[in-house]
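Bear in mind that the values in this text are calculations on the coordinates, not laboratory data. Being a predicted model, the structure only gives us computed values, none of them experimental. Glycine gets a Cβ as well: all are built from the backbone with ideal geometry, and neighbour counts include every protein chain shown.
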Amino acid sequence: MQGKMKAIRKPSAAPGLEMVTVDIPQIGPNEMLIKIKATSICGTDVHIYNWDTWSQGRIKPPLIIGHEFCGHVVEVGQNIRSVQVGDYVSSDSHIPDMTCPVCRQGMPHICANLQILGVDRTGCFAEYIALPEVSIWKNDPALDPAQASIQDPMGNAVYTALVEPIAGQSVAVFGDGPTGLGAVAVARAAGASTIFHVGKYPARLAIGQKLGADFSLNITQPGTDVLKTIMEATGNWGVDVVLEMTGNQLAIDQGFAALRKGGRFSAFGIPQGPIQFDLNKAVIFKGARLLGINGRLLWETWFQMAGLLKSGKLDFTPIITHKLPFDEWQKGFDLMTAQDRQAAKVVLFPDPQDIT
């Protein structure tokens, strides 16, 4: 397809982004061209927008960013077999090579030569994107575009929560960002017995309550004692499962302290630097299982998420707080960086008529 498109890119090694007009990408024999219907802003995009230390060491401007989207296939390469023009699709942001030893041992989500959409290669903050077949997920045609666009980050929540069975277990979710909220929703949909949600932004904790949290603990409120509340509510045993979504030292400390002996600690949050904890007390002597979570299992996590969404037990709608035209991207980033964190997920629509 020939022509021009709008795109949001990181133009240079400095804070900020810009909207530009560029050529529609041309596809190769193993790629497809997708017309973007909805794309959502991720915390990673905010890091790139702010040009923080991580971004400075990883991003090579100029680069079209963004990695969460849904859309329709409008063109396919000659070697494409599983996807047709017209298919309603999303993509996992982790694009594996499928040939390295890690991929060949069944772990393509942590491929040794992994490329991340909108970080290592051209992203989806555009009207069109070209992608390889290996990264494509076919959506249920009935799935709302706003929810379809946030499956990649919500897949993090699904993987973090369901890496081991969670039904009938008590769960503590640390973090009230979008993935933390998603973890609350998944834990409730999967049959957790009691859910403790720990955060610091009232608007987001209120969303957590809508999603099924039994206890909502705001660490900024005077008198809030996270550990005391959890221990009293669990008969002084502690929770069966901790889902750590922040990477914050205090949350990690509280999470390990709240975990019962023999419990499971899923570590998803990314610390800004090295953290410290007592390995003996937190893990070894507790017989705890500490599991690192990176991305989503390809494609087990996506099948789990699709099944839960189709069942009606899982609904990410409360996490989508704002829907904006693509041209209002700056407003979207202003919302995502506001001090009060009234926004959770902000979804952008290239065609404003698609906003419902």
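Which net charge results when you count Lys and Arg as +1 and Asp and Glu as -1 among the other residues whose beta-carbon is under 10 Å from that of S266?
Net local charge, S266 excluded: 0.
Rounded to the nearest 20 debye, what is the charge dipole size of the range 154-292 about its Cα centre when +1 sits on each Lys and Arg Cβ and -1 on each Asp and Glu Cβ?
Dipole of the range 154-292, to the nearest 20 debye: 100 debye.
From the cross-link list K6/K60; K286/K310; K35/K60; K35/K323; K35/K313; K10/K323, which pairs have alpha carbons spaced over 28 Å apart?
K286/K310; K35/K313
At 222 nm, what value in deg cm²/dmol follows for the chain if DSSP H runs of at least 4 each add -39500 (n - 2.57) and the sum is divided by all its residues, to the nearest 500?
Only helices count here, giving -7500 deg cm²/dmol.
Could the peptides 53-65, 150-162 be put in order, highest first, of the mean number of other beta-carbon atoms found within 10 Å of their residues?
For the peptides 53-65, 150-162, the packing ranking is 150-162, 53-65.
Share of antiparallel DSSP beta bridges in the chain, in percent to the nearest 5?
That works out to approximately 50 percent antiparallel.
With a ≥ b ≥ c the root eigenvalues of the C-alpha gyration tensor of the chain, is it rounded (a/c under 1.5), prolate (a/b larger than b/c) or oblate?
Judged from the Cα gyration tensor, the chain comes out prolate (a/c at least 1.5, a/b above b/c).
Which is farthest toward the positive dipole end of the range 154-292 among I275, G235, G247, measuring Cα position about the Cα centre, with Cβ charges +1 (Lys, Arg) and -1 (Asp, Glu)?
Ranked along the dipole, the leading option is G235.
If I model a spin label as a point 7 Å beyond the Cα along the Cα-Cβ vector, how far apart are those points for D278 and V46 in nm?
3.3
Can you tell me which of 121-134, 326-339 comes out highest on packing, and rank the rest after it, using the mean Cβ neighbours within 10 Å?
121-134, 326-339
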